[in-house]
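**Student:** Take a look at the following structure, please.
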Amino acid sequence: MKDYLIVGFGFAGSSFAHLLEKNQKSFVVFNDNPAPVTTVAGAMFNPIILKRFTAVWKAQEQMHLLVPFFSEIEKKLATPLLHKVRVFRKFTSVEEKNNWFVASDKPILSEYLSTEIINELSPCISTPFGLGEVLHTGMINTRNLIPTYQKKLEKEGNFFKEKFDYNTLEIKEDSICYKGISAKKIIFCEGYGMVNNPFFNTLPMVGSKGELLSFEADNLHLEGVIKSDGFIAPLGGNHFKIGTTYDNDDKDPSPTSLGREILIEKLERLISCPYHITDQVAGIRPTIRDRRPLVGVHPIYKQLFILNGLGTHGALLAPFTATSLFNFIEKGEAIDKEMNINRFLGKK
């Protein structure tokens, strides 16, 4: 009898697995893909919504957890995961610059918005109105996190690389059984795959397709991420990526020619030097109608739980939501009502 069975191994699944290991709980993981959305999304952590100069939901609580949480995983896996990355917002007018200063005076935002205006970031990027810098930003290297953690669990016999078959799940009075494996509880962390989950697919998963281009530019010397209409992030040397697109209608995870055109337009509005496109990737973000996570227990089957809906802020939300669900199950602590799935089930 295992304590838990986890379905899915992106940010949500891997974060919950870490908490189980930390607390000496036994578990197995079922996952049939390398979490493409998690590895594609860039895994930046940034507490500010740069379009409106507002704080991300629960920004302070999430930022307080993030570094210690991923530092623990980094130590456990003996692989570098946490990287400091500077994030800059390009101003497009004097009004935007003034709005930045107004926002920086607000209690929560003052901790994260620098009042020092930067005039130039790269000779290839025109910034006539300057740039503002977001403080305490960085990146989680998911290209290390997910595969390395998976290999560790495979070596221990606790990871099964296969598609989960809902019809094979046996729900008993106080446990579940799946293909001969018994567990006290099952946690579904499937991202957009939740739409195929018969136990939770009535929850309002919207799903937003996002595409990214990788490119090379020898003359683009950029030490940090620049955000304007889209963003450019350095990948090392002369390698960069440009993102992103948002499409709530297209649920095919394949890259598109339209996405490529949109991203090239964004790129050419941002930089003035030669470039060469090297790759294009796409994925479906697990976005929810009210832009809050989905955390909670099934209304009928008390052994079934969900941890989902991290959307575009996976790196920030994963430690916060995983800790909340773990504390709910193991310690009886309440889940914040704004992310509790009860909000969609007519419960208080």
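The values are calculated or read from the model by the stated rules, or taken from the named source; none is laboratory data. Everything numeric here is computed off the predicted structure, so don't read it as measured data. All Cβ positions, glycine included, derive from the backbone under ideal geometry; neighbour counts span all protein chains shown. For the accessible areas, the whole protein counts, side chains as well, though only heavy atoms, and no ligand, DNA or RNA atoms are used. Shrake-Rupley method; radii C 1.70, N 1.55, O 1.52, S 1.80 Å.
**Student:** Please list the non-local residues whose amide H lies under 5 Å from the amide H of G296, H modeled 1.01 Å from N, same-chain partners needing a gap of 5 or more.
**Tutor:** Here the answer is I306, I341, since their amide H atoms fall under 5 Å of that of G296.
**Student:** Dipole of the chain (Lys/Arg Cβ +1, Asp/Glu Cβ -1, origin at the Cα centre): which of P128, I300, I284 lies farthest to the positive side?
**Tutor:** I300
**Student:** Could you point to the residue in F200, N238, I186 farthest towards the positive end of the range 159-270's charge dipole, with +1 and -1 charges on the Cβ of Lys/Arg and Asp/Glu respectively?
**Tutor:** I186
**Student:** Which listed residue (L77, T92, M63) has the Cα farthest towards the positive end of the charge dipole for the range 49-99, taking +1 on Lys and Arg C-beta and -1 on Asp and Glu C-beta about the Cα centre?
**Tutor:** Final value for the positive-end residue is T92.
**Student:** About the Cα centre of the chain, how large is the charge dipole given +1 on each Lys and Arg Cβ and -1 on each Asp and Glu Cβ? Please answer in debye to the nearest 20. Kindly include the intermediate steps, with their values, before the conclusion.
**Tutor:** Values: 41 positive and 39 negative charges, 186 e Å.
In debye, rounded to 20, the chain gives about 900.
**Student:** Arrange the peptides 291-300, 98-107 so that the one whose residues have, on average, the most other Cβ atoms within 10 Å appears first. Intermediate results must be reported in sequence, preceding the final value.
**Tutor:** Values: 291-300: 19.6, 98-107: 13.5.
Taking the mean over residues of other Cβ atoms within 10 Å, the ranking is 291-300, 98-107.
**Student:** With θ set to phi - 60°, apply the Karplus curve 6.51 cos²θ - 1.76 cosθ + 1.60 along the range 142-147 and write out the HN-Hα couplings as whole Hz, x wherever there is a Gly or Pro.
**Tutor:** Calculated HN-Hα couplings, in order: 6, 5, 8, 4, 5, x Hz.
**Student:** On to the next question. Can you tell me the 0 to 90 degree angle between the C-alpha axis of helix 59-77 and the longest principal axis of the chain, rounded to 10?
**Tutor:** 70
**Student:** How high is the relative contact order of the chain? Use alpha-carbon pairs under 8 Å, at least six apart in sequence, and give a whole percent. Let's see the in-between values first.
**Tutor:** On the way: 700 pairs, mean separation 76.9, N = 348.
Taking the mean separation of contacting Cα pairs over the length of the chain, I get 22 percent.
**Student:** For the chain, list the cysteines whose Cβ sits under 4.7 Å from no other cysteine Cβ?
**Tutor:** C177, C189, each lacking another Cys Cβ under 4.7 Å.
**Student:** Taking square-rooted eigenvalues a ≥ b ≥ c of the alpha carbon gyration tensor, is the range 202-348 rounded, prolate or oblate, where a/c under 1.5 means rounded and, failing that, a/b exceeding b/c means prolate?
**Tutor:** prolate
**Student:** Using alpha-carbon positions, what is the distance between the centroids of the range 153-220 and the range 263-304, in Å?
**Tutor:** Each part reduced to its Cα centre gives a spacing of 17 Å.
**Student:** Between Rg and the Kirkwood Rh of the range 89-130, both from Cα atoms, what is the Rg to Rh ratio? Before the final figure, lay out the partial values.
**Tutor:** Details: Rg = 11.1 Å, Rh = 11.0 Å.
Checking Rg against Rh, the ratio lands at 1.01.
**Student:** Taking R0 as 35 Å, what FRET efficiency do you get between S114 and E261 from their Cβ-Cβ distance, rounded to the nearest 0.05? Could you put the intermediate results ahead of the total?
**Tutor:** On the way: r = 34 Å, r/R0 = 0.98.
Efficiency for this residue pair is about 0.55.
**Student:** Just the number please: accessible area per residue for the chain, 1.4 Å probe, all protein chains included, in Å².
**Tutor:** Values: 16190 Å² over 348 residues.
About 47 Å² of surface per residue is accessible.
**Student:** Continuing with this model, one more query. Report ³J(HN,Hα) in whole Hz for each residue of the range 159-174, in order, from the Karplus equation J = 6.51 cos²θ - 1.76 cosθ + 1.60 where θ = phi - 60°; Gly and Pro get x.
**Tutor:** 10, 10, 8, 7, 6, 7, 9, 4, 5, 8, 6, 9, 9, 9, 4, 9
**Student:** Okay, next question. Mind putting a number on the dipole of the range 180-299 about its Cα centre? Charges go on the C-beta only, +1 for Lys and Arg and -1 for Asp and Glu, and I need it in Debye to the nearest 20.
**Tutor:** Details: 13 positive and 15 negative charges, 157 e Å.
Dipole of the range 180-299, to the nearest 20 debye: 760 debye.
**Student:** Here is a follow-up. For helix 314-331, what angle does its Cα long axis make with the longest principal axis of the chain, in degrees from 0 to 90 and rounded to 10?
**Tutor:** 30
**Student:** Nearest 5 is fine: what % of DSSP beta bridges in the chain come out antiparallel, could you say? Provide the component values of the computation, followed by the final result.
**Tutor:** On the way: 46 of 64 bridges.
Roughly 70 percent of the DSSP beta bridges within the chain come out antiparallel.
**Student:** What percent does the relative contact order of the range 1-122 come to when contacts are Cα pairs within less than 8 Å and at least six residues apart?
**Tutor:** Values: 87 pairs, mean separation 22.0, N = 122.
So the answer I get is 18 percent.
**Student:** Measure off, as a whole percent, the carbon and sulfur share of the 1.4 Å-probe accessible area of the chain, all protein chains present. Kindly include the intermediate steps, with their values, before the conclusion.
**Tutor:** Working: 8040 of 16190 Å².
Roughly 50 percent of what the probe reaches on the chain is carbon or sulfur.
**Student:** Beyond a 30 Å Cα-Cα separation, which of these cross-linked pairs lie in this structure: K58/K151; K22/K179; K266/K337; K209/K337; K227/K251? Intermediate values should be presented prior to the final figure.
**Tutor:** Details: K58/K151 33 Å; K22/K179 26 Å; K266/K337 38 Å; K209/K337 27 Å; K227/K251 26 Å.
Going by Cα-Cα distance, K58/K151; K266/K337 fall outside the 30 Å limit.
**Student:** Could you please put I176, I262 in sequence from largest to smallest accessible area, using a 1.4 Å probe? Let's see the in-between values first.
**Tutor:** Values: I176 0, I262 65 Å².
Sorted descending by solvent-accessible area, the residues read I262, I176.
**Student:** What are the residues whose amide H is under 5 Å from the amide H of F27, where those residues sit 5 or more places off or on another chain and H is modelled from the backbone?
**Tutor:** The list, which skips near neighbours in sequence, is D3, Y4.
**Student:** Helix 11-22 versus the longest principal axis of the chain: what angle, 0 to 90°, nearest 10, using Cα atoms?
**Tutor:** Tilt relative to the chain: about 60 degrees.
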